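These notes concern the structure reproduced below.
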Amino acid sequence: MEKLGKEFQISVEDIDWVAASGNYANLHVQERVYPMRITMNRIMELLPANQFFRIHRSSIVNLQRVAHIEAQDSGDHLMTLTSGKELGFSRRYRESSKEALAAQDRPQQNTAE
């Protein structure tokens, strides 16, 4: 990835969330933001499906960074990340997220014998 003429390598595990911004996707990594010229659909194809989930047409979150989700009077929800960042979690994506969020809560099974 390149930002201001410099190249950066970012580990997927370090991405907290992704925000759409026109023709860019802004990767939020701790306190820094790294813009990429890529669509949200394309970045969803590239990110691991078991770790990242779309919560809004303009937001993707790392499921490992979700602290809690709170219902709002509007029917939407507010998702709070472990960093304290609050993101809108729209009704459109909520139903399909239940399985992904439940998978994060289940302990990993050891398949090695």
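Filtering Val12, Val33, Val29, Val66 for residues that are among the aliphatic types (A, V, I, L, M) and at pLDDT 95 or above leaves a single hit, Val29. Annotation: of all residues in the range 27-73 being assigned to a helix (DSSP H, G or I), of a type outside the set (Lys, Arg) and touching a residue at least 40 places away in the same chain (Cβ under 8 Å), the one that is surrounded by the fewest Cβ atoms within 10 Å (Cβ to Cβ) is Gln64.
The values are calculated or read from the model by the stated rules, or taken from the named source; none is laboratory data. For clarity, every value in this text was computed on a predicted model and none was experimentally measured. FYI the Cβ positions are ideal-geometry reconstructions off the backbone, even for glycines, and counts take in every protein chain you see.
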